[in-house]
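S.K.: First the structure, then my questions, so here it is.
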Amino acid sequence: MTRAAVPGLASPHPIGELLPALFAEDDLAQRFTAGLDTVLAPVFATLDNLPAYFRPRLAPADFLDWLASWLAVDVDPAWPEEVRRAVVGRAVELHRWRGTRRGLAERLRLVLDAGAEIADGAGVSWTTAPGGAPLPAPGGEVLIRVWPLHGAGLDEDQVLAVVRAGCPVHLTCRVEVLPGPPGRTEG
């Protein structure tokens, strides 16, 4: 959708009605101002509805990607529109939890409708003796097990893309795509 010429869109403020009485019956003046009304009607419609443009659930689809860029949210054009709207709508919350287990699990659930189990291998090392050598640093590998919450399987490339966007760059992330939740027994 574009906000250019919209066929049949009436101007809420027709210019011809605002002209002095001398031009009220002038055919040329009325046709000229009607042409201007056609050009200005989408502008008025946009301005009258401007608050909706900043609400992800209401914004026009073509404006949604621009709104996402304002919020520094990466949305994939291949995602369904309702998923892109949900990600943009929760951008602040997703940024708050970015790089954490919670943030990655929530992004996987929101974008791919996937459950996730994240085993974080990162941590700190310390020593109990002053001046002593610290324990070896943890490996830094994160194991992420992902499974579909509803429906058939998951696209592994999409899972990897979401994980790459949400996993801290200093960590190695190993991803396993499972058919269902881990530990589920088939019966």
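The values are calculated or read from the model by the stated rules, or taken from the named source; none is laboratory data. These numbers come from a predicted model, not from an experiment. As a convention, Cβ positions derive from the backbone with ideal geometry for all residues, glycine included, and neighbour counts pool all protein chains shown. The area values use the complete protein model at the heavy-atom level, side chains included, leaving out ligands, DNA and RNA. Shrake-Rupley method; radii C 1.70, N 1.55, O 1.52, S 1.80 Å.
S.K.: Looking only at residues in the stretch 107-126 that are open to solvent by less than 60 Å² (accessible area, probe 1.4 Å) and in a loop (DSSP other than H, G, I, E, B), which one is modelled with the lowest pLDDT? I'd like the intermediate steps shown before the answer.
M.R.: Going through the stretch 107-126, the residues open to solvent by less than 60 Å² (accessible area, probe 1.4 Å) turn out to be 107-108, 110-116, 118-119, 121-123, 125.
Pick out the ones that are also in a loop (DSSP other than H, G, I, E, B) and you get 113, 121-123, 125.
Numbers: 113: 91, 121: 65, 122: 57, 123: 63, 125: 66.
Checking each candidate, the answer is 122.
S.K.: Which residues, counting only those in the stretch 42-62, are at pLDDT 90 or above and small (Gly, Ala, Ser)?
M.R.: 52, 59
S.K.: If you take the residues in the stretch 4-22 that are assigned to a helix (DSSP H, G or I) and open to solvent by less than 80 Å² (accessible area, probe 1.4 Å), which one is nearest to residue 63 (Cα to Cα)?
M.R.: 15
S.K.: Something else now. Would a scan of the stretch 90-106 turn up a residue that is hydrophobic (A, V, I, L, M, F, W, C), surrounded by fewer than 14 Cβ atoms within 10 Å (Cβ to Cβ) and under 26 Å from residue 46 (Cα atoms)?
M.R.: yes
S.K.: Could you go through the stretch 25-40 and let me know if any residue there is surrounded by 11 or more Cβ atoms within 10 Å (Cβ to Cβ), of a type in the set (A, V, I, L, M) and under 30 Å from residue 69 (Cβ atoms).
M.R.: Yes: the stretch 25-40 contains one or more residues that are surrounded by 11 or more Cβ atoms within 10 Å (Cβ to Cβ), of a type in the set (A, V, I, L, M) and under 30 Å from residue 69 (Cβ atoms).
S.K.: Continuing with this model, one more query. Part of a strand (DSSP E or B), more than 15 Å from residue 164 (Cα to Cα) and open to solvent by 70 Å² or more (accessible area, probe 1.4 Å): does that describe residue 82?
M.R.: no
S.K.: Being open to solvent by less than 70 Å² (accessible area, probe 1.4 Å) and over 19 Å from residue 93 (Cα atoms) is the filter here; which residues of the stretch 63-78 pass it?
M.R.: Answer for the stretch 63-78, where residues must be open to solvent by less than 70 Å² (accessible area, probe 1.4 Å) and over 19 Å from residue 93 (Cα atoms): just 63.
S.K.: Just to check your reading of the model, which residue among 58, 36 is more than 30 Å from residue 168 (Cβ to Cβ), part of a loop (DSSP other than H, G, I, E, B) and among the hydrophobic types (A, V, I, L, M, F, W, C)?
M.R.: After applying the criteria, what remains is 58.
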